[in-house]
1. Taking only Cα atoms, what is the 0 to 90° angle, nearest 10, from helix 275-291's long axis to the longest principal axis of the chain?
2. So for the chain: antiparallel DSSP bridges make up what percent, rounded to the nearest 5?
3. With a ≥ b ≥ c taken as the square roots of the eigenvalues of the C-alpha gyration tensor of the range 131-223, please select rounded if a/c is under 1.5 and otherwise prolate if a/b is larger than b/c or oblate if it is not?
4. So how do 65-74, 162-171, 147-156 stack up, highest first, on mean other-Cβ count within 10 Å?
5. Build a GNM of the chain with springs between Cα atoms under 10 Å: which of 281, 317, 382 gets the top mean-square fluctuation?
6. Among 189, 321, 173, which one moves the most in a GNM of the chain with springs linking Cα atoms closer than 10 Å?
7. Report, in degrees rounded to the nearest 10, the 0 to 90 angle that the Cα long axis of helix 178-187 makes with the longest principal axis of the chain.
8. Rank the residues 380, 88 as a footprinting-exposure proxy: fewest other Cβ atoms within 10 Å of their Cβ go first.
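Just so it is clear, none of the values below were taken in a lab; they were calculated from the coordinates. Nothing here was measured: the structure is a model prediction, and the numbers come from that model. Using ideal geometry, Cβ is built from the backbone for each residue, glycine included, and neighbour counts are taken over all protein chains shown.
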């Protein structure tokens, strides 16, 4: 993988602030976009800015074709059996909420999660507890912060109707053994939904190989446009789901007293869609497939191993999650004794244009349970370099000396 060649595809990396290069290490929040993705999105507005599936003119015909091509591309990227298993959403959060609000759950049914779930999983479940009396079982991580498969096996039973888990954690990058979890859950008759926001941009896997029932991910974490995401669902399950939002483009016909819904995925895509976003996301998927997600994962791990080794001697710095960088993928999370996580992030930004994330990363529950104010999170992607990592290490060391 030629990183220097790839970097030329990202116009923002040519920008300098106060005469210094930008070092963007906040990829778990949002990735940068290559010009290919920007051009693909702009093409809609410049060449055929019409409505899909509604009118008979040239613009409408073209956008309908391109929107369908985008769905086909994302089905291929995710490894779905057919394009109808791909529902376009705004982001991972909407995809997760669609299933939570559309799946038939009743009092006494149980949902199982890990202890590191994003608020997009945790809060909808808490609302289901309040509204329907659904139970919530949490599988707490082992001491090394890896998934406890034995605890999961002990907790699962026929009451569990849905297992929802972050495939890879946005706190520390650890990845659950999804295939084993899915098999165990299916043996007890439970459905499984993966939050793949932090995994699918970095790991090469297919939903049909995992046999997962539902999976949600976001475009903005995989070089795609913001406000664009995907919900994958096995077609027979999508057919059974109730609709979450209804209106234009979800129905085949209506009278004043009745309606007939379209088949999936259209019945879930109410109103005018983000056509430019879908086309940009499809281009992002093509770009990642061309680079190769296995190559990306290897590159990120090498950067993580380098930084982990170099900072291991810094007193007062604690790495969250497993110390072995290979188990954290492209995420380097840390705290420093007697230093505020936001102060560190601000100083890195002000001193050297190094952009990282500080805070609780929308997983307030885990940080509260572990009595932490938050963490600093460095997250890598395909355009980051070892030279950038060296600058980060030097700047962090200077900041820590100020304690």
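1. Computed tilt is about 50 degrees.
2. Working: 25 of 44 bridges.
Antiparallel: roughly 55 percent of the beta bridges in the chain.
3. prolate
4. 162-171, 65-74, 147-156
5. 317
6. It is 189.
7. 40
8. Numbers: 380 27, 88 24.
In increasing order of surrounding Cβ atoms, one gets 88, 380.
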